[in-house]
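Colleague: Below is the structure I would like to discuss, written out as structure tokens.
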Amino acid sequence: MLMALSASAQTPTTPRPTGNLIQVGAYRLHLDCKGEGSPTVILESAAEGFSIDWALVQSEAAKHSRVCAYDRRGYAWSDAGPHSFEFDQTAVDLHDLLRVARIPPPYVLVGKGYGALYVRNYHRLYPGEVAGFVFVDSLFEEDMTVMMSAQSVNTPYASSLIDMSDVELTRSLATNPAPFINGAVPRTEQETDVTAPWDK
């Protein structure tokens, strides 16, 4: 299984980016677009997913329209960023990335797993830019259970997870730090035994 590669800490053996590194403020974010047409399809990866996870889907979908996959801060080839659940900042990052890369709306947002939370929040912040959604094994805010230190944590907030403020999320994480916040998630032997076509 691929490990997260910070663009600022690449080595000679690091695979070359499949797309381009775009300067967005103080960060470079990796964006890989294929095909032509409108609306542009934006692929949002799962919690620990990378843009390359979409390779087989992207190549087929690009026969019909422009399809873009990207890496959030700190994932794959994008520069490292803060390890926190910043829904709004992730949406702002994507919005700025698409603007700098001159990819105009409307967009069809595709969210896998945890990525569905990000694309719905993007729509909340930029409703006029979204033409539609596709959800793949989606998570839903209303039913979200936060797992911290291998225990289920019921948030004391009546609103959904996506409506929690950064202060509330930070306080919750400080009280119940998740093991992946300060280091890589340990991989088991079974997880590293990847067969075709998932080894691409």
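Colleague: Leaving out ligands and nucleic acids, and using a 1.4 Å probe, what accessible area per residue does the range 17-84 come to in Å²?
Modeller: 44
Colleague: Once you list every other residue whose beta carbon is under 10 Å from the beta carbon of Arg66, what net charge do they have if Lys and Arg are +1 and Asp and Glu are -1?
Modeller: Cβ neighbours under 10 Å give a net charge of 0.
Colleague: Let me ask something else about it. For the range 18-67, rounded, prolate or oblate, judged on the Cα gyration tensor with a ≥ b ≥ c (square roots of eigenvalues), a/c < 1.5 rounded, else prolate if a/b > b/c?
Modeller: Verdict is oblate for the range 18-67.
Colleague: I would also like to ask the following. Jot down the per residue volume, in cubic angstrom and as a whole number, of the convex hull over the alpha-carbon atoms of the range 31-112.
Modeller: Each residue corresponds to 86 Å³ of Cα convex hull volume.
The values are calculated or read from the model by the stated rules, or taken from the named source; none is laboratory data. Note that the coordinates shown come from a computational prediction; the quantities given were computed from them, not determined experimentally. Neighbour counts are summed over all protein chains in view; Cβ atoms, including those assigned to glycine, are modelled from backbone coordinates with ideal geometry. Surface accessibility is based on the protein's heavy atoms, side chains included, excluding ligands, DNA and RNA. Shrake-Rupley method; radii C 1.70, N 1.55, O 1.52, S 1.80 Å.
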